[in-house]
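Structure first, then comments.
Computed from the coordinates by the stated procedures, all read-outs in this text should not be read as laboratory data. The structure displayed is predicted, hence computed values, not measured ones. Cβ sites come from the backbone with ideal geometry, for glycine too, and all protein chains shown count toward neighbours.
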Amino acid sequence: MNDHDLFQRFSEEFKALCANEEALNFKLTRQEMWAVLAQLQLAYRHPQNIGPTWVMAEAIARRLQAIVAPSGALAEIAEQGWNPRYDG
C-alpha cells in the first residue's frame with residue numbers, strides 16, 4: 001500500500017470516527033492523569049505543533065488540570081507547564 005492509499009483510508013476512517021460523538025470513559029490514577037497532562041503540555045507547546053488538534057489538545061489538558069491540580073502548589077506547578085519560561 002502506498003502513502004496516498006493509506007491517507008485516503010485514514011481520511012475515510014477519521015470522518016467516521018468524528019461522526020460518532022459518543023463519549024468514551026476510561027480510568028486513570030491521579031498520577032497517570034498528571035503524566036498525561038504534562039505530556040499534553042509538552043506537545044501543545046512544541047513550535048511545530050500547529051495542526052487542527054492543537055486547540056483541542058489544550059482544552060483536554062486544561063480539563064485534566066482542573067481535575068488533578070485544582071488548587072495549591074499542584075495548580076501552580078501545573079500552570080507553569082504552559083509557560084516556556086519554566087522550560088528546563
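Overview of results
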| quantity | calculated |
| --- | --- |
| Neighbour-limited loop hits for trypsin sites (Lys or Arg not before Pro), the stretch 7-88 (at most 15 other Cβ within 10 Å; DSSP other than H, G, I, E, B) | Lys27 |
| Relative contact order of the stretch 26-86, defined on C-alpha pairs under 8 angstrom at six or more residues apart (%) | 40 percent |
| DSSP-loop chymotrypsin sites (Phe, Trp or Tyr not before Pro) across the chain, with at most 12 other Cβ within 10 angstrom | Phe26 |
| Cα gyration tensor shape for the stretch 26-86, rounded if a/c is under 1.5, else prolate or oblate | oblate |
| Two-site label geometry, Ala35 and Ala73: point separation in nm, points 7 Å out along Cα→Cβ | 2.2 nm |
| Backbone N under 19 Å from the Gln80 label point (7 Å along Cα→Cβ), restricted to the stretch 20-50 | 31, 34-46 |
